[in-house]
1. Only one of these conditions is not met by Ala176: (1) within 15 Å of the ligand (Cβ to nearest atom); (2) closer than 29 Å to Ala73 by Cβ; (3) of a type outside the set (Asp, Glu). Which number is it?
2. Just to check your reading of the model, which residue among Leu281, Leu303, Leu292 is under 28 Å from Asn17 (Cβ atoms), in contact with a Ser or Thr (Cβ under 7 Å, 6 or more places away or on another chain) and at pLDDT 95 or above?
3. With the checklist (1) out of contact with any strand residue (DSSP E or B) (no Cβ under 6 Å at 6 or more places or on another chain); (2) within 15 Å of the ligand (Cβ to nearest atom); (3) more than 27 Å from Phe52 (Cβ to Cβ); (4) in a loop (DSSP other than H, G, I, E, B) in hand, flag the one item Asp233 doesn't pass.
4. Specify which of the listed residues (Pro247, Pro270, Pro337) is in contact with a Phe, Trp or Tyr (Cβ under 7 Å, 6 or more places away or on another chain) and within 12 Å of the ligand (Cβ to nearest atom).
5. Let me spell it out: the conditions are (1) more than 11 Å from the ligand (Cβ to nearest atom); (2) in contact with a helix residue (DSSP H, G or I) (Cβ under 9 Å, 6 or more places away or on another chain); (3) small (Gly, Ala, Ser), and Ser228 meets all of them except one. Which number is the exception?
6. For region 121-147, how many residues meet the condition of being of a type in the set (Asp, Glu), under 27 Å from Asn239 (Cα atoms) and touching a residue at least 12 places away in the same chain (Cβ under 8 Å)?
7. Only one residue in Pro270, Pro265 is under 28 Å from Gly166 (Cα atoms), touching a strand residue (DSSP E or B) at 6+ places or on another chain (Cβ under 9 Å) and free of Cβ contacts under 8 Å to residues at least 60 places away in the same chain. Which one?
8. Just to be sure I understand the filter: pairs with C-beta atoms under 8 Å, separated by 6 or more residues or on different chains, first member in region 55-81 and within 28 Å of Val306 (Cβ to Cβ), second member outside any loop (DSSP other than H, G, I, E, B) and hydroxyl-bearing (Ser, Thr, Tyr). Which pairs pass?
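The values are calculated or read from the model by the stated rules, or taken from the named source; none is laboratory data. The structure displayed is predicted, hence computed values, not measured ones. All Cβ positions, glycine included, derive from the backbone under ideal geometry; neighbour counts span all protein chains shown.
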Amino acid sequence: MAPAALLQRDVPLHRLNTFGLPARAAWFAAIETPAQLVALIATPEWRYLQRFVLGGGSNLILTGDFDGLVLHARIAGRELIAEDDDAWTVRAGAGECWHDFVCWTLERGWPGLENLALIPGTVGAAPIQNIGAYGLEMAERFQQLEAVDLATGETVTFDRSACRFGYRDSAFKREAAGRYLVAAVTFRLPKRWRPLTGYADVARELETRKIADPTARDIADAVIAVRSRKLPDPARIGNAGSFFKNPVVDAATFARLAARYPEMPRYAQPDGAVKLAAGWLIERCGWKGKNLGPVGVYEKQALVLVNRGGARGEDVLRLARAIRESVRAMFGVELEPEPVVL
Ligand code: NAP
(Lines give C-alpha, C1' and ligand atoms only; values in the text may rest on other atoms or scores of the structure.)
Protein backbone atom coordinates (compact mmCIF):
# COMPACT_ATOMS: atom_id res chain seq x y z
CA MET A 1 0.00 0.00 0.00
CA ALA A 2 1.33 3.46 -0.91
CA PRO A 3 2.20 5.41 2.27
CA ALA A 4 -0.44 8.09 1.63
CA ALA A 5 -3.16 5.41 1.32
CA LEU A 6 -2.43 4.35 4.90
CA LEU A 7 -3.57 7.70 6.22
CA GLN A 8 -7.20 8.02 7.30
CA ARG A 9 -8.87 11.33 8.21
CA ASP A 10 -10.98 12.19 11.25
CA VAL A 11 -11.12 8.80 12.97
CA PRO A 12 -13.09 8.19 16.20
CA LEU A 13 -11.03 6.76 19.05
CA HIS A 14 -13.67 5.80 21.63
CA ARG A 15 -13.44 2.10 20.73
CA LEU A 16 -9.66 2.21 20.84
CA ASN A 17 -9.32 3.21 24.51
CA THR A 18 -10.56 0.90 27.28
CA PHE A 19 -12.06 3.80 29.28
CA GLY A 20 -14.38 4.37 26.29
CA LEU A 21 -13.64 8.11 26.22
CA PRO A 22 -14.79 10.08 23.18
CA ALA A 23 -12.13 11.74 21.02
CA ARG A 24 -11.18 11.90 17.34
CA ALA A 25 -7.84 11.80 15.61
CA ALA A 26 -7.35 14.27 12.75
CA TRP A 27 -5.16 11.63 11.08
CA PHE A 28 -4.86 7.90 11.75
CA ALA A 29 -2.73 5.06 10.41
CA ALA A 30 -2.88 1.36 11.31
CA ILE A 31 0.70 0.07 11.22
CA GLU A 32 0.87 -3.64 10.38
CA THR A 33 4.55 -3.85 9.43
CA PRO A 34 7.62 -1.77 10.34
CA ALA A 35 8.17 -1.22 6.57
CA GLN A 36 4.83 0.60 6.31
CA LEU A 37 5.88 2.98 9.02
CA VAL A 38 9.31 3.57 7.48
CA ALA A 39 7.63 4.45 4.17
CA LEU A 40 5.28 6.85 5.95
CA ILE A 41 8.19 8.55 7.72
CA ALA A 42 9.80 9.15 4.32
CA THR A 43 6.80 11.14 3.00
CA PRO A 44 7.05 14.97 2.90
CA GLU A 45 3.93 15.37 5.09
CA TRP A 46 5.45 13.39 7.94
CA ARG A 47 7.41 16.11 9.66
CA TYR A 48 4.43 18.47 9.81
CA LEU A 49 2.31 16.00 11.77
CA GLN A 50 2.32 15.70 15.54
CA ARG A 51 2.29 11.99 16.40
CA PHE A 52 0.92 9.70 19.08
CA VAL A 53 1.51 5.94 19.27
CA LEU A 54 -1.49 3.90 20.40
CA GLY A 55 -1.34 0.26 21.51
CA GLY A 56 -4.28 -1.35 23.29
CA GLY A 57 -5.39 1.99 24.74
CA SER A 58 -5.67 0.40 28.18
CA ASN A 59 -3.55 2.92 30.06
CA LEU A 60 -4.76 6.05 28.34
CA ILE A 61 -6.98 9.01 29.21
CA LEU A 62 -8.10 11.01 26.17
CA THR A 63 -9.01 14.56 27.13
CA GLY A 64 -10.09 15.80 23.70
CA ASP A 65 -9.59 15.50 19.95
CA PHE A 66 -6.03 14.96 18.76
CA ASP A 67 -5.00 17.32 16.02
CA GLY A 68 -2.20 15.09 14.76
CA LEU A 69 -1.56 11.53 13.56
CA VAL A 70 -2.40 8.51 15.71
CA LEU A 71 -0.23 5.51 14.83
CA HIS A 72 -2.02 2.32 15.84
CA ALA A 73 0.59 -0.41 16.37
CA ARG A 74 -0.92 -3.61 14.94
CA ILE A 75 2.23 -5.58 14.11
CA ALA A 76 1.43 -9.29 14.58
CA GLY A 77 3.46 -12.48 15.04
CA ARG A 78 4.89 -14.64 17.82
CA GLU A 79 7.66 -17.20 17.60
CA LEU A 80 10.27 -19.16 19.49
CA ILE A 81 13.54 -17.73 18.23
CA ALA A 82 16.05 -19.64 20.37
CA GLU A 83 16.38 -22.27 23.06
CA ASP A 84 19.38 -23.04 25.25
CA ASP A 85 20.00 -24.82 28.56
CA ASP A 86 18.69 -21.86 30.54
CA ALA A 87 15.76 -20.41 28.65
CA TRP A 88 13.30 -20.26 25.81
CA THR A 89 13.60 -17.00 23.90
CA VAL A 90 10.32 -15.82 22.38
CA ARG A 91 9.53 -12.78 20.29
CA ALA A 92 6.15 -11.16 19.66
CA GLY A 93 4.86 -8.34 17.50
CA ALA A 94 3.80 -5.16 19.29
CA GLY A 95 0.17 -5.51 18.23
CA GLU A 96 -0.35 -8.94 19.80
CA CYS A 97 -2.81 -9.04 22.71
CA TRP A 98 -0.71 -9.41 25.89
CA HIS A 99 -2.95 -11.99 27.58
CA ASP A 100 -3.22 -14.15 24.45
CA PHE A 101 0.57 -14.07 24.20
CA VAL A 102 0.93 -15.18 27.85
CA CYS A 103 -1.53 -18.06 27.23
CA TRP A 104 0.33 -19.05 24.06
CA THR A 105 3.64 -19.36 25.98
CA LEU A 106 1.99 -21.41 28.74
CA GLU A 107 0.30 -23.76 26.24
CA ARG A 108 3.73 -24.54 24.84
CA GLY A 109 5.08 -25.29 28.32
CA TRP A 110 7.21 -22.14 28.63
CA PRO A 111 6.68 -20.64 32.08
CA GLY A 112 7.60 -17.18 33.32
CA LEU A 113 4.81 -14.79 32.45
CA GLU A 114 1.96 -16.43 34.39
CA ASN A 115 1.71 -13.75 37.11
CA LEU A 116 1.04 -11.21 34.37
CA ALA A 117 -1.98 -13.07 32.94
CA LEU A 118 -5.08 -11.04 32.05
CA ILE A 119 -3.34 -7.65 32.08
CA PRO A 120 -5.15 -5.65 29.38
CA GLY A 121 -3.20 -4.15 26.49
CA THR A 122 -0.70 -5.22 23.87
CA VAL A 123 2.79 -6.73 23.84
CA GLY A 124 4.22 -3.45 22.53
CA ALA A 125 2.75 -1.46 25.41
CA ALA A 126 4.07 -3.84 28.08
CA PRO A 127 7.60 -2.39 28.25
CA ILE A 128 6.41 1.24 28.14
CA GLN A 129 5.17 1.11 31.71
CA ASN A 130 6.95 -2.12 32.65
CA ILE A 131 3.70 -3.87 33.52
CA GLY A 132 3.71 -5.76 36.80
CA ALA A 133 1.42 -7.80 38.97
CA TYR A 134 1.58 -10.22 41.91
CA GLY A 135 5.28 -9.81 42.55
CA LEU A 136 6.56 -9.98 38.96
CA GLU A 137 7.57 -7.16 36.63
CA MET A 138 7.83 -7.64 32.88
CA ALA A 139 11.44 -6.34 33.09
CA GLU A 140 12.50 -9.59 34.79
CA ARG A 141 11.63 -11.61 31.66
CA PHE A 142 12.56 -8.98 29.09
CA GLN A 143 15.49 -9.45 26.74
CA GLN A 144 15.21 -6.70 24.13
CA LEU A 145 12.86 -4.75 21.91
CA GLU A 146 13.02 -3.35 18.43
CA ALA A 147 11.57 0.10 17.88
CA VAL A 148 11.31 2.39 14.87
CA ASP A 149 12.72 5.86 15.50
CA LEU A 150 9.93 8.21 14.38
CA ALA A 151 12.43 10.96 13.61
CA THR A 152 14.71 8.95 11.30
CA GLY A 153 12.88 5.75 10.33
CA GLU A 154 15.77 3.66 11.66
CA THR A 155 15.14 0.48 13.63
CA VAL A 156 16.84 0.62 17.01
CA THR A 157 17.36 -2.29 19.41
CA PHE A 158 17.00 -1.61 23.14
CA ASP A 159 18.35 -4.07 25.69
CA ARG A 160 17.17 -4.11 29.28
CA SER A 161 19.54 -1.44 30.55
CA ALA A 162 18.75 0.90 27.63
CA CYS A 163 15.05 0.69 28.56
CA ARG A 164 15.84 1.99 32.08
CA PHE A 165 12.97 0.10 33.63
CA GLY A 166 11.59 1.23 36.98
CA TYR A 167 8.40 0.69 38.95
CA ARG A 168 5.67 1.05 36.24
CA ASP A 169 8.20 3.11 34.35
CA SER A 170 10.75 3.08 31.53
CA ALA A 171 12.74 5.45 29.31
CA PHE A 172 9.72 5.40 26.95
CA LYS A 173 7.70 7.34 29.54
CA ARG A 174 10.54 9.81 30.18
CA GLU A 175 13.49 10.84 27.99
CA ALA A 176 12.38 8.76 24.98
CA ALA A 177 8.66 9.60 25.27
CA GLY A 178 6.98 9.96 21.86
CA ARG A 179 10.14 9.19 19.92
CA TYR A 180 9.68 5.50 19.05
CA LEU A 181 7.10 2.98 17.94
CA VAL A 182 7.85 -0.37 19.55
CA ALA A 183 7.64 -3.00 16.80
CA ALA A 184 8.48 -6.27 18.61
CA VAL A 185 9.53 -7.48 22.04
CA THR A 186 11.72 -10.47 22.96
CA PHE A 187 11.49 -12.31 26.28
CA ARG A 188 13.62 -14.97 27.96
CA LEU A 189 11.50 -17.54 29.76
CA PRO A 190 13.50 -19.45 32.37
CA LYS A 191 13.90 -23.23 32.35
CA ARG A 192 14.85 -23.19 36.04
CA TRP A 193 11.50 -21.72 36.93
CA ARG A 194 10.22 -21.06 40.45
CA PRO A 195 6.61 -20.20 41.23
CA LEU A 196 6.04 -16.68 42.59
CA THR A 197 3.18 -17.04 45.07
CA GLY A 198 4.11 -14.40 47.66
CA TYR A 199 1.06 -12.17 47.11
CA ALA A 200 -1.73 -13.01 49.55
CA ASP A 201 -4.55 -13.09 46.97
CA VAL A 202 -2.75 -15.63 44.76
CA ALA A 203 -1.62 -17.76 47.73
CA ARG A 204 -5.21 -17.83 49.06
CA GLU A 205 -6.63 -18.77 45.68
CA LEU A 206 -4.18 -21.68 45.31
CA GLU A 207 -5.00 -22.82 48.85
CA THR A 208 -8.73 -22.76 48.07
CA ARG A 209 -7.99 -24.88 45.01
CA LYS A 210 -5.89 -27.22 47.22
CA ILE A 211 -2.82 -26.76 45.02
CA ALA A 212 0.36 -27.01 47.09
CA ASP A 213 2.86 -27.38 44.28
CA PRO A 214 1.54 -25.15 41.45
CA THR A 215 2.53 -25.28 37.81
CA ALA A 216 2.79 -22.04 35.83
CA ARG A 217 -0.65 -22.76 34.38
CA ASP A 218 -2.09 -23.18 37.92
CA ILE A 219 -0.71 -19.75 38.83
CA ALA A 220 -2.12 -18.17 35.68
CA ASP A 221 -5.53 -19.70 36.47
CA ALA A 222 -5.37 -18.36 40.04
CA VAL A 223 -4.34 -14.89 38.83
CA ILE A 224 -7.15 -14.90 36.24
CA ALA A 225 -9.69 -15.88 38.92
CA VAL A 226 -8.51 -13.18 41.36
CA ARG A 227 -8.34 -10.47 38.71
CA SER A 228 -11.78 -11.37 37.33
CA ARG A 229 -13.28 -11.07 40.81
CA LYS A 230 -11.64 -7.77 41.77
CA LEU A 231 -11.16 -5.84 38.55
CA PRO A 232 -13.79 -4.66 36.06
CA ASP A 233 -13.67 -6.20 32.58
CA PRO A 234 -12.96 -3.24 30.26
CA ALA A 235 -15.18 -4.86 27.61
CA ARG A 236 -18.12 -4.26 29.99
CA ILE A 237 -17.13 -1.34 32.22
CA GLY A 238 -14.77 1.30 30.84
CA ASN A 239 -11.58 1.67 32.93
CA ALA A 240 -7.81 2.05 32.63
CA GLY A 241 -6.68 -0.43 35.30
CA SER A 242 -4.96 0.99 38.37
CA PHE A 243 -5.30 4.72 38.18
CA PHE A 244 -2.54 5.63 40.64
CA LYS A 245 0.89 4.20 41.36
CA ASN A 246 1.49 2.93 44.86
CA PRO A 247 3.32 5.76 46.65
CA VAL A 248 6.71 5.04 48.15
CA VAL A 249 7.53 7.12 51.25
CA ASP A 250 10.69 7.51 53.33
CA ALA A 251 11.06 5.78 56.70
CA ALA A 252 10.38 8.96 58.72
CA THR A 253 7.13 9.69 56.86
CA PHE A 254 6.08 6.10 57.30
CA ALA A 255 6.79 6.17 61.06
CA ARG A 256 4.55 9.24 61.39
CA LEU A 257 1.76 7.54 59.40
CA ALA A 258 2.08 4.18 61.17
CA ALA A 259 1.73 5.85 64.59
CA ARG A 260 -1.61 7.27 63.51
CA TYR A 261 -2.81 4.36 61.32
CA PRO A 262 -1.28 1.16 62.76
CA GLU A 263 -3.38 -1.01 60.43
CA MET A 264 -2.04 0.71 57.28
CA PRO A 265 -0.65 -1.89 54.79
CA ARG A 266 3.06 -1.42 54.21
CA TYR A 267 5.69 -3.11 52.08
CA ALA A 268 9.31 -2.45 53.06
CA GLN A 269 11.61 -1.68 50.12
CA PRO A 270 15.25 -2.81 49.93
CA ASP A 271 16.46 0.80 50.29
CA GLY A 272 14.61 1.41 53.58
CA ALA A 273 11.69 3.24 51.98
CA VAL A 274 8.15 1.91 52.41
CA LYS A 275 5.58 1.26 49.68
CA LEU A 276 1.98 2.08 50.65
CA ALA A 277 -1.17 0.69 49.01
CA ALA A 278 -2.80 3.55 47.07
CA GLY A 279 -6.12 1.67 47.02
CA TRP A 280 -6.19 1.52 50.83
CA LEU A 281 -5.50 5.27 51.16
CA ILE A 282 -8.31 6.05 48.68
CA GLU A 283 -10.72 3.71 50.44
CA ARG A 284 -9.96 5.28 53.84
CA CYS A 285 -10.83 8.67 52.36
CA GLY A 286 -14.30 7.25 51.69
CA TRP A 287 -14.10 7.14 47.91
CA LYS A 288 -14.74 3.43 47.28
CA GLY A 289 -17.99 3.02 45.30
CA LYS A 290 -18.51 6.80 45.05
CA ASN A 291 -19.21 8.71 41.82
CA LEU A 292 -18.37 12.20 40.69
CA GLY A 293 -20.52 12.90 37.64
CA PRO A 294 -20.24 10.03 35.15
CA VAL A 295 -17.00 8.61 36.63
CA GLY A 296 -16.80 6.40 39.69
CA VAL A 297 -14.41 4.60 42.02
CA TYR A 298 -14.92 0.87 41.46
CA GLU A 299 -16.77 -0.72 44.36
CA LYS A 300 -14.52 -3.81 44.54
CA GLN A 301 -11.17 -2.02 44.12
CA ALA A 302 -10.66 1.64 44.99
CA LEU A 303 -7.58 1.96 42.79
CA VAL A 304 -9.67 1.66 39.64
CA LEU A 305 -11.74 4.52 38.22
CA VAL A 306 -14.65 3.48 36.01
CA ASN A 307 -16.82 5.01 33.32
CA ARG A 308 -20.42 4.91 34.56
CA GLY A 309 -21.60 5.93 31.07
CA GLY A 310 -20.90 8.91 28.86
CA ALA A 311 -17.74 10.04 30.68
CA ARG A 312 -15.33 12.46 29.03
CA GLY A 313 -11.63 12.80 29.76
CA GLU A 314 -12.16 15.95 31.81
CA ASP A 315 -14.62 14.06 34.08
CA VAL A 316 -11.95 11.45 34.77
CA LEU A 317 -9.34 14.08 35.57
CA ARG A 318 -11.76 15.93 37.88
CA LEU A 319 -12.35 12.79 39.96
CA ALA A 320 -8.62 11.98 39.94
CA ARG A 321 -7.87 15.50 41.24
CA ALA A 322 -10.49 15.22 43.98
CA ILE A 323 -9.03 11.88 45.11
CA ARG A 324 -5.48 13.24 45.15
CA GLU A 325 -6.60 16.21 47.24
CA SER A 326 -8.38 13.95 49.77
CA VAL A 327 -5.36 11.67 50.13
CA ARG A 328 -3.02 14.65 50.48
CA ALA A 329 -5.27 16.25 53.12
CA MET A 330 -5.72 13.07 55.16
CA PHE A 331 -2.29 11.44 54.89
CA GLY A 332 0.06 14.10 53.48
CA VAL A 333 0.90 11.65 50.67
CA GLU A 334 1.03 12.53 46.95
CA LEU A 335 -0.59 10.09 44.51
CA GLU A 336 0.82 9.95 41.01
CA PRO A 337 -1.51 8.89 38.17
CA GLU A 338 -0.41 5.86 36.16
CA PRO A 339 -2.15 6.34 32.76
CA VAL A 340 -0.86 8.49 29.95
CA VAL A 341 -2.99 11.63 29.51
CA LEU A 342 -3.43 12.91 25.95
P1 NAP B 1 -3.74 -5.84 46.46
O2 NAP B 1 -3.55 -7.30 46.55
O3 NAP B 1 -5.03 -5.23 46.92
O4 NAP B 1 -2.54 -5.10 47.17
C5 NAP B 1 -2.46 -3.70 47.20
C6 NAP B 1 -1.05 -3.26 46.84
O7 NAP B 1 -0.16 -3.75 47.82
C8 NAP B 1 -0.64 -3.82 45.51
O9 NAP B 1 -0.77 -2.80 44.55
C10 NAP B 1 0.78 -4.32 45.71
O11 NAP B 1 1.77 -3.50 45.14
C12 NAP B 1 1.00 -4.26 47.20
N13 NAP B 1 1.27 -5.63 47.67
C14 NAP B 1 0.37 -6.60 47.98
N15 NAP B 1 0.99 -7.69 48.41
C16 NAP B 1 2.32 -7.44 48.35
C17 NAP B 1 3.48 -8.19 48.67
N18 NAP B 1 3.40 -9.45 49.14
N19 NAP B 1 4.70 -7.61 48.48
C20 NAP B 1 4.79 -6.35 48.02
N21 NAP B 1 3.73 -5.59 47.70
C22 NAP B 1 2.51 -6.12 47.88
O23 NAP B 1 -3.48 -5.39 44.94
P24 NAP B 1 -4.45 -5.38 43.70
O25 NAP B 1 -4.84 -3.99 43.44
O26 NAP B 1 -5.51 -6.43 43.80
O27 NAP B 1 -3.43 -5.78 42.55
C28 NAP B 1 -2.79 -7.04 42.55
C29 NAP B 1 -1.58 -6.96 41.63
O30 NAP B 1 -1.95 -6.66 40.29
C31 NAP B 1 -0.61 -5.87 42.06
O32 NAP B 1 0.69 -6.34 41.86
C33 NAP B 1 -0.96 -4.73 41.16
O34 NAP B 1 0.11 -3.85 40.94
C35 NAP B 1 -1.36 -5.45 39.89
N36 NAP B 1 -2.31 -4.63 39.11
C37 NAP B 1 -1.83 -3.67 38.26
C38 NAP B 1 -2.72 -2.90 37.55
C39 NAP B 1 -2.27 -1.81 36.63
O40 NAP B 1 -3.08 -1.23 35.93
N41 NAP B 1 -1.02 -1.47 36.64
C42 NAP B 1 -4.09 -3.08 37.68
C43 NAP B 1 -4.52 -4.05 38.56
C44 NAP B 1 -3.63 -4.81 39.27
P45 NAP B 1 2.33 -3.64 43.61
O46 NAP B 1 1.36 -2.86 42.79
O47 NAP B 1 3.66 -2.97 43.70
O48 NAP B 1 2.40 -5.07 43.25
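1. Going through the list (1) within 15 Å of the ligand (Cβ to nearest atom); (2) closer than 29 Å to Ala73 by Cβ; (3) of a type outside the set (Asp, Glu), Ala176 breaks only (1).
2. Numbers: Leu281 fails: in contact with a Ser or Thr (Cβ under 7 Å, 6 or more places away or on another chain); Leu292 fails: in contact with a Ser or Thr (Cβ under 7 Å, 6 or more places away or on another chain).
After applying the criteria, what remains is Leu303.
3. Exception for Asp233: condition (3).
4. Working: Pro247 fails: in contact with a Phe, Trp or Tyr (Cβ under 7 Å, 6 or more places away or on another chain); Pro270 fails: in contact with a Phe, Trp or Tyr (Cβ under 7 Å, 6 or more places away or on another chain).
Exactly one of Pro247, Pro270, Pro337 is in contact with a Phe, Trp or Tyr (Cβ under 7 Å, 6 or more places away or on another chain) and within 12 Å of the ligand (Cβ to nearest atom), namely Pro337.
5. Only one criterion in (1) more than 11 Å from the ligand (Cβ to nearest atom); (2) in contact with a helix residue (DSSP H, G or I) (Cβ under 9 Å, 6 or more places away or on another chain); (3) small (Gly, Ala, Ser) is unmet by Ser228, namely (2).
6. So the first thing to find is which residues in region 121-147 are of a type in the set (Asp, Glu), and the list is 137, 140, 146.
This time we only want the ones that are under 27 Å from Asn239 (Cα atoms), so: 137, 140.
Those still in the list that are touching a residue at least 12 places away in the same chain (Cβ under 8 Å) too: 137.
Of the residues in that region, 1 qualify.
7. Within the list Pro270, Pro265, the selection yields Pro265.
8. Pairs that qualify, where the first residue is within 28 Å of Val306 (Cβ to Cβ) and the partner is outside any loop (DSSP other than H, G, I, E, B) and hydroxyl-bearing (Ser, Thr, Tyr), are Gly55/Thr122; Gly56/Thr122; Ala73/Thr122.
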